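I have placed the structure first, in the form of structure tokens, so that the comments after it can refer back to it.
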Amino acid sequence: QVQLEESGGGLVQPGGSLRLSCAASGSISSIHAMGWYRQAPGKQRELVARITSGGSTSYGDSVKGRFTISRDNAANTVYLQMSSLKLEDTGVYYCNYRDYRYEYWGQGNQVTVSS
């Protein structure tokens with residue numbers, strides 16, 4: 001199994017910044033991807049950003065140019081730096097781990113963008 005421990009999130013004004021962290025522990029495959037998905041009230045869960053163990057990144061269209069995902073391989077931790085936050089970025093952000101056999105989710109952290 002893989003355990004995911006999330007941190008960060010909270011309340012921020014439009015235009016502000018936040019950083020999310022997700023630390024993985026347990027049976028981590030050498031080849032895997034980690035990232036974040038988010039879900040706003042009444043909407044489907046959507047990809048925010050993901051990064052592979054090899055360092056390849058992908059982003060949802062709505063966050064390109066504003067969010068940056070990175071990772072610390074030694075600490076099995078990924079980070080999501082969110083800048084120029086908009087009202088529509090509000091939602092619950094879930095850390096995700098996926099390898100060739102399994103997929104795991106974090107408990108989710110609320111991010112609220114509000115003036």
Condition set of a type in the set (Ser, Thr, Tyr) and under 12 Å from Arg38 (Cα atoms), scope the stretch 73-111, selection surrounded by the fewest Cβ atoms within 10 Å (Cβ to Cβ): answer is Thr90
Using the structure shown, decide if Leu85 is aliphatic (A, V, I, L, M), assigned to a loop (DSSP other than H, G, I, E, B) and at pLDDT 95 or above.
yes
Can you pull out the residues in the stretch 28-54 that are open to solvent by 20 Å² or more (accessible area, probe 1.4 Å), on the phi < 0 side of the Ramachandran plot, outside any strand (DSSP E or B) and not hydrophobic (A, V, I, L, M, F, W, C)?
Ser29, Ser30, Pro41, Lys43, Gln44, Arg45, Ser53, Gly54
Selected residue [open to solvent by 30 Å² or more (accessible area, probe 1.4 Å), in contact with an Asp or Glu (Cβ under 9 Å, 6 or more places away or on another chain) and not in a loop (DSSP other than H, G, I, E, B)] from Ser25, Ser7, Ser21, Ser70:
Ser25
Hey, does the stretch 55-65 have a residue that's part of a strand (DSSP E or B), at pLDDT 95 or above, closer than 17 Å to Gly108 by Cβ and open to solvent by less than 70 Å² (accessible area, probe 1.4 Å)?
no
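The values are calculated or read from the model by the stated rules, or taken from the named source; none is laboratory data. Owing to the predicted nature of the structure, the values given are computational and were not obtained by experimental measurement. Positions of Cβ are generated from backbone atoms using ideal geometry, with glycine treated the same way; all protein chains shown enter the neighbour counts. In case anyone asks, the SASA skips ligands and DNA or RNA and just uses the protein heavy atoms, side chains included. Shrake-Rupley method; radii C 1.70, N 1.55, O 1.52, S 1.80 Å.
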